[in-house]
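Asks: Take this structure, written in structure tokens, and hold onto it; I'll ask about it next.
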Amino acid sequence: MDIGVKLPPELEQATRKMIGDAIQQVVADTIKVNHWPGYMNQRQAAKYLGTSPGNIIKWEKADIGFPTIMIEGSKHYSKAALDRWMDAQQQKN
């Protein structure tokens with residue numbers, strides 16, 4: 001069954017843009033989820049979070065529960081733990 005709906009040109013254009021933007025966001029989110037390793041170094045973690053390595057250091061020193069794994073003096077960051085920490089920060093605001 002085909003239902004034809006005639007929209008004014010400006011509404012059709014806005015609808016197409018909204019759908020296109022939504023598709024682009026889903027693709028970007030999918031790439032972000034699948035692109036990053038389960039465990040990252042400081043530079044990777046900073047890039048994943050969209051910040052600088054300096055902010056990672058600041059958050060670690062601030063004792064605000066930033067998830068860091070120390071293995072024989074080397075820092076590592078779990079992608080899952082970073083996601084949970086960011087979600088918790090969002091809930092605070």
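Only the coordinates and a few stated rules stand behind these numbers; no lab work does. Please read these numbers as outputs of a predicted model, since none were measured by experiment. Cβ sites come from the backbone with ideal geometry, for glycine too, and all protein chains shown count toward neighbours.
Asks: Anything in segment 72-93 that is part of a helix (DSSP H, G or I) and either in contact (Cβ under 8 Å) with a residue 24 or more places away in the chain or aliphatic (A, V, I, L, M) (or both)? List them, or say none. Walk me through it before giving the result.
Replies: At the first step, the residues of segment 72-93 found to be part of a helix (DSSP H, G or I) are 79-92.
If the condition is that a residue be part of a helix (DSSP H, G or I) and either in contact (Cβ under 8 Å) with a residue 24 or more places away in the chain or aliphatic (A, V, I, L, M) (or both), then LYS79, ALA80, ALA81, LEU82, MET86, ALA88 are the ones that fit.
Asks: Do we have any residue at all in segment 62-71 that's in a helix (DSSP H, G or I), surrounded by 10 or more Cβ atoms within 10 Å (Cβ to Cβ) and either over 16 Å from the mean Cα position of the chain (by Cα) or touching a residue at least 12 places away in the same chain (Cβ under 8 Å) (or both)? Even if it seems obvious, please write down each step before you answer.
Replies: Applying the first criterion (in a helix (DSSP H, G or I)) to segment 62-71 yields none.
Within segment 62-71, not a single residue is in a helix (DSSP H, G or I), surrounded by 10 or more Cβ atoms within 10 Å (Cβ to Cβ) and either over 16 Å from the mean Cα position of the chain (by Cα) or touching a residue at least 12 places away in the same chain (Cβ under 8 Å) (or both).
Asks: Separate question: Restricting to segment 34-61, name every residue that is exposed (fewer than 13 other Cβ atoms within 10 Å of the Cβ) and touching a residue at least 12 places away in the same chain (Cβ under 8 Å).
Replies: The answer is PRO37, GLY38.
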